[in-house]
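These notes concern the structure reproduced below.
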Amino acid sequence: MSFLEIRNVHKRFGANEVLRGINLTVEEHQVVCLIGPSGCGKSTLLRCINGLEEIQAGEIRLHGDRITGPGVDLNALRRDVGIVFQSFNLFPHMTVLQNITLAPTQVLRMPEAEAQAKALALLKRIGLEHKAQAYPDQLSGGQQQRVAIVRALAMEPMLLLLDEITSALDPELVSEVLNLLRELAREGMTMILATHEMGFAREVASKVCFMYGGVVHEEGPPEQIFSNPQHERTQQFLSSIIEAGRL
Amino acid sequence: MTEPNSKALRRRQPIPPKDGLGFALLALILAVALWLATGWVMWLVKQTMTTNGFQAFWADALLVLFTLLPAGLLWPAVRGLGQARLARQALQSENLIAARVHSAEAHTWAWFTLGYAGALILFLLFVLFFIANNVAVGRTFFQLELIRDSFGLILQAFWVNVVIFLFAGFFSLIWGLVVAIAKLLPGKPAQPIRFIATFYTDAFLSLPSIIVIYLIGFGLPLTGIGFFRNLPLEALAVLALTLTYGAYMAEVYRAGLESIHPSQWAAARSLGLSYGQTLRFVVVPQAVRRIIPPLLNNLIGMQKDTALVNVVGVIDAFNQARIIASNDFNLSAVTTVAILFILITIPQTRLVDRLVERDRARFRQGS
């Protein structure tokens with residue numbers, strides 16, 4: 001039994017079938033990178049894993065427990081599976097500290113003082129404890145994204161989903177976010193990333209999945225995918241990435 | 001290269017400005033005419049005062065002052081004319097730059113004259129209206145003794161309007177939010193609730209508030225149900241206004257709730273917050289911030305509608321004033337009510353303006 005098992009998952013938006021039978025397994029402490037052209041279903045797959053989107057066929061199991069289909073306690077699932085979005089989605093009317101403590105106090109019923117102490121410890125770790133009382137719009141994009149990651153970490157998830165979290169950032173701010181992810185990977189956080197940062201994927205991933213046309217087209221260790229891709233479509237994708245100077 | 005419009009051949013001919021002499025002359029003539037007209041109106045006022053046996057030094061002094069004031073109009077008019085002449089001279093000596101400067105000045109001064117002249121004309125018309133038919137208008141609406149004598153009663157009755165407004169405002173703000181949330185409930189099981197909420201807002205948006213007040217104020221006590229029979233009329237008025245304005249508030253709340261981007265919902269739900277928690281901590285606080293100006297506008301509208309409760313016999317300021325008016329055959333007490341409404345509404349209107357401006361400034365910042 002694997003940590004996360006995705007079996008033959010189909011997802012349709014109206015007539016548009018975005019996921020056409022995804023199969024994927026993730027083991028604990030793995031970092032799995034989803035790569036592929038825009039619209040291939042990377043983000044949709046992540047949103048299905050923590051129940052933000054309903055799937056039409058197939059199933060997803062976490063620790064052997066089925067987390068899709070009717071009757072699943074999605075609020076409970078989301079305590080275990082965190083997600084970070086491309087556009088940060090911090091709550092603009094709350095301070096950084098309130099953003100981080102909201103879910104622990106309301107969902108986990110953690111005492112306010114404890115939640116704050118924990119949030120400050122996390123902020124200190126990313127060097128932003130002096131921004132605890134700032135509002136999101138007073139932070140740079142990279143700082144906002146790191147706060148968003150910390151907000152997800154405050155729930156102590158067993159799985160973290162990261163949806164193109166550096167795509168909306170200025171190039172010089174990308175590294176601070178990636179450094180945080182490196183650290184999390186070293187500590188053994190299980191993560192699934194949808195990403196266009198090929199260099200990062202190559203360096204950190206335990207497994208790289210190339211998605212195309214709503215299925216996992218090719219998967220394997222990063223050396224194999226990036227240096228010796230088997231499928232023609234994977235080769236095309238990678239060569240266009242190299243042409244663009246992104247690898 | 002015979003094409004007349006080709007860029008190489010085209011030379012731009014300088015365009016000389018108009019000197020503005022005609023315009024400035026017009027402004028001057030208008031200023032002089034208005035001065036004469038003011039003198040005439042003030043002379044009429046003086047005559048009316050004499051026929052009514054009113055004689056006071058301060059009044060005469062005021063009249064003289066008003067007669068002298070329009071002389072101020074001559075100042076911009078004459079300056080405009082001077083600038084126009086300079087512009088004409090500059091044009092003759094083919095100094096285009098100077099001509100443009102003087103011409104622009106001349107036009108500005110002439111417009112200045114026209115603007116103030118327009119305001120003065122309105123003022124004179126109002127004075128004529130006021131003293132027409134031997135000060136009939138003045139007596140009907142502004143009889144000072146009556147205003148003074150009835151002021152205490154009116155103010156006391158106005159307190160009833162204020163109390164009705166405060167209660168109905170408070171309740172409709174809450175009720176509107178409840179209805180808006182009901183209208184936006186997701187899922188098939190909530191369909192009947194959504195339908196009722198939609199029907200309620202549709203119905204009360206189309207009903208004139210005076211009819212709702214009439215039906216509730218007279219109708220509910222008639223039903224003989226003990227609870228309603230023992231309620232004071234004011235409470236029924238509050239209920240009617242709450243039901244009417246709750247529908248308006250609900251529409252504003254709904255617009256606010258729908259304006260919150262779905263990504264905020266996704267972020268909150270993905271942290272494990274329930275639907276209700278997401279509404280309470282994330283969506284409603286952001287929505288309310290955006291819709292404070294329209295909510296306040298609705299409150300101002302409701303404040304004015306508190307005068308409608310007189311149809312069911314609540315002794316509010318308007319009703320009290322009508323009683324006084326029919327006793328004295330004079331509307332001055334109603335004028336008092338009008339002034340009171342203006343006095344409490346203007347600060348709120350300005351507040352709304354400031355909030356809207358503040359929101360706009362924040363939006364420009366791009367936050």
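Numbers below:
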{"item": "Among (1) within 14 Å of another protein chain (Cβ to nearest Cβ); (2) open to solvent by 40 Å² or more (accessible area, probe 1.4 Å), the one test that A:E219 misses", "result": "(1)"}
{"item": "Looking only at region A:96-118, and only at residues there that are open to solvent by 60 Å² or more (accessible area, probe 1.4 Å) and in contact (Cβ under 8 Å) with a residue 12 or more places away in the chain, the one that is nearest to the other protein chains (Cβ to nearest Cβ)", "result": "A:L108"}
{"item": "Residues that are open to solvent by 20 Å² or more (accessible area, probe 1.4 Å), more than 9 Å from chain A (Cβ to nearest Cβ) and in contact with a Phe, Trp or Tyr (Cβ under 9 Å, 6 or more places away or on another chain), drawn from region B:277-293", "result": "B:V284, B:V288"}
{"item": "When residues of region B:63-75 are limited to those that are open to solvent by less than 80 Å² (accessible area, probe 1.4 Å) and part of a helix (DSSP H, G or I), the one farthest from B:A110 (Cα to Cα)", "result": "B:L63"}
{"item": "Those residues of region B:267-316 which are under 21 Å from B:F218 (Cα atoms) and over 21 Å from the mean Cα position of the chain (by Cα), in sequence order", "result": "B:V309, B:N310, B:V311, B:V312, B:G313, B:V314, B:I315, B:D316"}
{"item": "Only listed residue being farther than 25 Å from B:R289 by Cβ and touching a residue at least 40 places away in the same chain (Cβ under 8 Å), chosen from B:G224, B:G217, B:G176", "result": "B:G217"}
{"item": "Output for region B:177-191, where each listed residue is charged (D, E, K, R) and open to solvent by less than 40 Å² (accessible area, probe 1.4 Å)", "result": "B:K183"}
{"item": "Subset tally (residues that are of a type in the set (K, R) and within 27 Å of A:M189 (Cβ to Cβ)) for region A:1-30", "result": "2"}
{"item": "Which listed residue is closer than 30 Å to B:T242 by Cα and touching a residue at least 40 places away in the same chain (Cβ under 8 Å), from B:I131, B:I147, B:I121, B:I181", "result": "B:I181"}
{"item": "Filter result for A:L184 (surrounded by 17 or more Cβ atoms within 10 Å (Cβ to Cβ) and in contact with a helix residue (DSSP H, G or I) (Cβ under 7 Å, 6 or more places away or on another chain))", "result": "no"}
{"item": "Failed item in (1) in contact (Cβ under 8 Å) with a residue 12 or more places away in the chain; (2) touching an Asp or Glu at 6+ places or on another chain (Cβ under 7 Å); (3) away from chain B (no Cβ under 14 Å), with A:R66 passing the rest", "result": "(1)"}
{"item": "Candidate set from region A:1-57 (those that are basic (K, R) and open to solvent by 70 Å² or more (accessible area, probe 1.4 Å)); member that is farthest from B:L273 (Cα to Cα)", "result": "A:R20"}
{"item": "B:L166 vs. criteria assigned by TED's automatic domain parsing to the domain that holds B:W40, surrounded by fewer than 16 Cβ atoms within 10 Å (Cβ to Cβ) and under 26 Å from the mean Cα position of the chain (by Cα)", "result": "no"}
{"item": "Residue among A:I165, A:I192 that is at pLDDT below 95, surrounded by 21 or more Cβ atoms within 10 Å (Cβ to Cβ) and under 15 Å from the mean Cα position of the chain (by Cα)", "result": "A:I165"}
{"item": "Lone qualifier among B:R269, B:R194 - being buried (at least 17 other Cβ atoms within 10 Å of the Cβ), of a type in the set (K, R) and within 30 Å of A:N50 (Cβ to Cβ)", "result": "B:R269"}
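The values are calculated or read from the model by the stated rules, or taken from the named source; none is laboratory data. Here the structure is a predicted model, which is why all the values come from computation and not from measurement. Cβ coordinates were reconstructed from backbone atoms using ideal geometry, including for glycine residues, and neighbour counts include every protein chain displayed. Just so you know, the surface numbers come from the protein's heavy atoms only, side chains and all, with ligands and any DNA or RNA stripped out. Shrake-Rupley method; radii C 1.70, N 1.55, O 1.52, S 1.80 Å.
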